[in-house]
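Quick notes on the structure that follows.
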Amino acid sequence: MLKEEVLEAVGNEAFHIWPVKTIEEGIEVLTGVKAGARQADGSFEEGSVNARVDQKLREMAKKMMEFEKKE
């Protein structure tokens with residue numbers, strides 16, 4: 001299924017194939033940071049990718065609301 005050059009690169013440890021079942025697993029492989037599960041209160045594990053994304057989205061939403069109030 002894979003090209004011979006890819007198989008050779010994997011054999012030489014110049015390339016890696018990481019099977020993942022979920023996007024969260026892929027995020028962890030790519031970033032080296034835990035994706036982070038949602039907690040009972042709706043937040044995400046502190047320091048996780050999902051917590052960082054959630055925080056950034058909240059900041060953006062706040063700025064948009066402030067912008068709309070100025071108009």
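Here are the numbers for the structure shown:
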read-out: Conditions (1) in contact (Cβ under 8 Å) with a residue 12 or more places away in the chain; (2) touching a Gly at 6+ places or on another chain (Cβ under 8 Å); number of the one not met by ILE27; value: (2)
read-out: Filter pass, MET60 being in a helix (DSSP H, G or I) and either under 14 Å from the mean Cα position of the chain (by Cα) or exposed (fewer than 10 other Cβ atoms within 10 Å of the Cβ) (or both); value: no
read-out: Residue within region 31-40 that is open to solvent by 100 Å² or more (accessible area, probe 1.4 Å), modelled with pLDDT of 95 or more and aliphatic (A, V, I, L, M) present; value: yes
read-out: Meets criteria (in a helix (DSSP H, G or I), acidic (Asp, Glu) and loosely packed, with under 10 Cβ neighbours inside 10 Å) for GLU68; value: yes
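So that you can scan it fast, the table gives a plain yes or no per residue for (1) open to solvent by 100 Å² or more (accessible area, probe 1.4 Å); (2) assigned to a loop (DSSP other than H, G, I, E, B):
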{"residue": "MET1", "(1), (2)": "yes, yes"}
{"residue": "VAL10", "(1), (2)": "no, no"}
{"residue": "ALA14", "(1), (2)": "no, yes"}
{"residue": "TRP18", "(1), (2)": "yes, yes"}
{"residue": "LYS21", "(1), (2)": "yes, yes"}
{"residue": "GLU24", "(1), (2)": "no, no"}
{"residue": "VAL29", "(1), (2)": "no, no"}
{"residue": "GLU46", "(1), (2)": "yes, yes"}
{"residue": "GLN55", "(1), (2)": "no, no"}
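The values are calculated or read from the model by the stated rules, or taken from the named source; none is laboratory data. Quantities reported herein were computed from a predicted structural model and do not represent experimental measurements. Glycine also receives a Cβ, built like all others from the backbone with ideal geometry; neighbour counts cover every protein chain displayed. What goes into the accessible areas is simple: the full protein's heavy atoms, side chains included, and nothing from ligands, DNA or RNA. Shrake-Rupley method; radii C 1.70, N 1.55, O 1.52, S 1.80 Å.
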